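Here's a structure for you.
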Amino acid sequence: MTTAKLYDFTKPDAEGHSCTAYAWAKVPAVLGPAERDAARARAAALLKAHDAVLVAHYYVDGDVQDLALETGGIVADSLEMARFGRDQPARTLVVAGVRFMGETAKILSPDKRVLMPDLDATCSLDLGCPIEDFAAFCDAHPERTVVVYANTSAAVKARADWMVTSSCALAIVQHLKERGEKVLWAPDRHLGRYVQHQTGADMLMWNGACIVHDEFKGIELDLLKKQHPDAMILVHPESPDSVVAQAHVVGSTSQLLKAVVDGRAKEYIVATDNGMFHRMRQLAPDKTLIEAPTAGNSATCKSCAHCPWMAMNALQGVVACLETGSGEIVVPEPTRSQALGCIERMLDFVAKHPQAIAQPRSGFVPHIGAA
């Protein structure tokens, strides 16, 4: 397996929305009980008035997740968010997550208005894979099938043959391998390595990483396991090899959620963004959830796994975007139509090969899908 050129997001001179300090500074203030109730009521009324549906990611604020479910929306991972938004009759989609999710919704639903609580909410994987460098990488390897993770810009998707999410990446790369195709993969190196190890596919990889999952520490997880020997370890595949190697379950956020709800263990060590714990606790209140360590004992924060851009999504932003029309996603042509191909190819594959992806159990969680 070959590693592509390194393009680091974590530059000392990072500025604007590409700076995590800027993102944390934009995280809305925590509302008091009365303010929160008023904001939820106002947001619900605005969603109804604007024929809008709220599509929220598992990592965003718990109040936003609850609002989505209470108003006929969804809380899901990127694959199910995309499918749900595409199939919705609502004229407006409010996407609570990060920018690539809003772009994907607009690509699939060009006639719908797509709003986000804060357009500056981005993703380190997206930032770390700029289209100019990525296009040059692709041009240097024209013999390879280009597969990109969902966490990329519309422009990068427009350059790709396939888009995948963490739930369907294994099945799709296995499919390509069986067809004798060599893969150019971007941007997450950890997910790419996991897929390569599992499938044995010939994969040339971009060197990117999620700033949240990249911080999980294998040595610290091993120490934590000894304190909780009966705990089941759940790991998102964007995590380093040393963490993935210790997992009982490796999967997307919905697959990890299903593992907690269906699992027989009483304790679960979870290596993914801690925004996930809100839904896990709601659906499995009898289980003990433990955050996987991102640092050692000398650190001021032992487990700090939360995306600053996801944290920018709050009730205040949902209200503001519906009241003012701010945060509207625009994906210009021909980028939109060019990006549509790789997304539809993934969705068609998932529809035709449901057995290849984790399925929701009858009567389980509405809309959990295979995301």
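Taking the stated definitions as given, is His197 open to solvent by 50 Å² or more (accessible area, probe 1.4 Å), farther than 21 Å from Ser303 by Cα and not charged (D, E, K, R)? Can you show your working first?
On the way: open to solvent by 50 Å² or more (accessible area, probe 1.4 Å): yes; farther than 21 Å from Ser303 by Cα: yes; not charged (D, E, K, R): yes.
Answer is yes for this residue.
Can you work out which of the residues in segment 42-86 that are assigned to a loop (DSSP other than H, G, I, E, B) and among the hydroxyl-bearing types (Ser, Thr, Tyr) is nearest to Gln282 (Cα to Cα)? Break it down into steps so the answer makes sense when it comes.
Kept after step one, since they are assigned to a loop (DSSP other than H, G, I, E, B), are these residues of segment 42-86: 50-51, 58-61, 71-73, 77.
Now narrow it down to the ones that are among the hydroxyl-bearing types (Ser, Thr, Tyr): 58-59, 71.
Working: Tyr58: 12, Tyr59: 14, Thr71: 17 Å.
The qualifying residue nearest to Gln282 (Cα to Cα) is Tyr58.
Just need a number here: residues in segment 157-208 that are among the acidic types (Asp, Glu), under 22 Å from Gly341 (Cα atoms) and in contact with a strand residue (DSSP E or B) (Cβ under 7 Å, 6 or more places away or on another chain).
Kept after step one, since they are among the acidic types (Asp, Glu), are these residues of segment 157-208: 161, 178, 181, 188, 202.
Keeping just the survivors that are under 22 Å from Gly341 (Cα atoms) gives 161, 178, 181, 188.
Subset that is in contact with a strand residue (DSSP E or B) (Cβ under 7 Å, 6 or more places away or on another chain): 161, 181, 188.
Qualifying residue count, segment 157-208: 3.
Name every residue in segment 218-238 that is touching a Leu at 6+ places or on another chain (Cβ under 9 Å) and not hydrophobic (A, V, I, L, M, F, W, C), in order of residue number. Spell out how you get there, then give the answer.
Initially, segment 218-238 is screened for residues touching a Leu at 6+ places or on another chain (Cβ under 9 Å), giving 231, 233-238.
If the condition is that a residue be touching a Leu at 6+ places or on another chain (Cβ under 9 Å) and not hydrophobic (A, V, I, L, M, F, W, C), then His236, Pro237, Glu238 are the ones that fit.
With respect to Ala25, determine if the residue is within 30 Å of His213 (Cβ to Cβ) and surrounded by 23 or more Cβ atoms within 10 Å (Cβ to Cβ). Break it down stepwise before answering.
Working: within 30 Å of His213 (Cβ to Cβ): yes; surrounded by 23 or more Cβ atoms within 10 Å (Cβ to Cβ): no.
Judged against the criteria, Ala25 is not a match.
Which of the residues belonging to segment 278-313 are touching a Leu at 6+ places or on another chain (Cβ under 8 Å) and among the hydrophobic types (A, V, I, L, M, F, W, C)?
Keep residues of segment 278-313 that are touching a Leu at 6+ places or on another chain (Cβ under 8 Å), which gives 279-281, 283, 290, 292-293.
Within segment 278-313, Met280, Leu283, Ile290, Ala292 qualify.
Does segment 262-287 hold any residues that are free of Cβ contacts under 8 Å to residues at least 40 places away in the same chain and either among the small types (Gly, Ala, Ser) or open to solvent by 20 Å² or more (accessible area, probe 1.4 Å) (or both), and which are they? Full working, then the answer.
Our first condition is that a residue be free of Cβ contacts under 8 Å to residues at least 40 places away in the same chain; within segment 262-287, this holds for 263-268, 270, 274, 277, 280-282, 284-287.
Residues satisfying the conditions are Gly263, Arg264, Ala265, Lys266, Glu267, Asn274, Arg281, Gln282, Ala284, Pro285, Asp286, Lys287.
Given the options Arg113, Arg91, Arg83, Arg99, name the one that is in contact (Cβ under 8 Å) with a residue 60 or more places away in the chain and surrounded by fewer than 19 Cβ atoms within 10 Å (Cβ to Cβ). Even if it seems obvious, please write down each step before you answer.
Values: Arg91 fails: in contact (Cβ under 8 Å) with a residue 60 or more places away in the chain; Arg83 fails: surrounded by fewer than 19 Cβ atoms within 10 Å (Cβ to Cβ); Arg99 fails: surrounded by fewer than 19 Cβ atoms within 10 Å (Cβ to Cβ).
After ruling out the rest, the residue left standing is Arg113.
Looking at (1) in contact (Cβ under 8 Å) with a residue 12 or more places away in the chain; (2) surrounded by fewer than 23 Cβ atoms within 10 Å (Cβ to Cβ), which is the only condition Leu256 fails?
Going through (1) in contact (Cβ under 8 Å) with a residue 12 or more places away in the chain; (2) surrounded by fewer than 23 Cβ atoms within 10 Å (Cβ to Cβ) one by one, Leu256 breaks only (2).
Shifting gears a bit: With respect to the numbered conditions (1) surrounded by fewer than 16 Cβ atoms within 10 Å (Cβ to Cβ); (2) of a type outside the set (Asp, Glu); (3) in a helix (DSSP H, G or I), which one is the sole condition not fulfilled by His190?
Answer for His190: the failing condition is (1).
Next up: Please tell me if Ala23 is modelled with pLDDT under 95 and more than 24 Å from Arg281 (Cα to Cα). Even if it seems obvious, please write down each step before you answer.
Working: modelled with pLDDT under 95: yes; more than 24 Å from Arg281 (Cα to Cα): yes.
It is true that Ala23 is modelled with pLDDT under 95 and more than 24 Å from Arg281 (Cα to Cα).
The values are calculated or read from the model by the stated rules, or taken from the named source; none is laboratory data. Given the structure is predicted, the values throughout are model-derived calculations rather than measurements. Cβ sites come from the backbone with ideal geometry, for glycine too, and all protein chains shown count toward neighbours. For accessibility, only protein heavy atoms count, side chains too; no ligands or nucleic acids. Shrake-Rupley method; radii C 1.70, N 1.55, O 1.52, S 1.80 Å.
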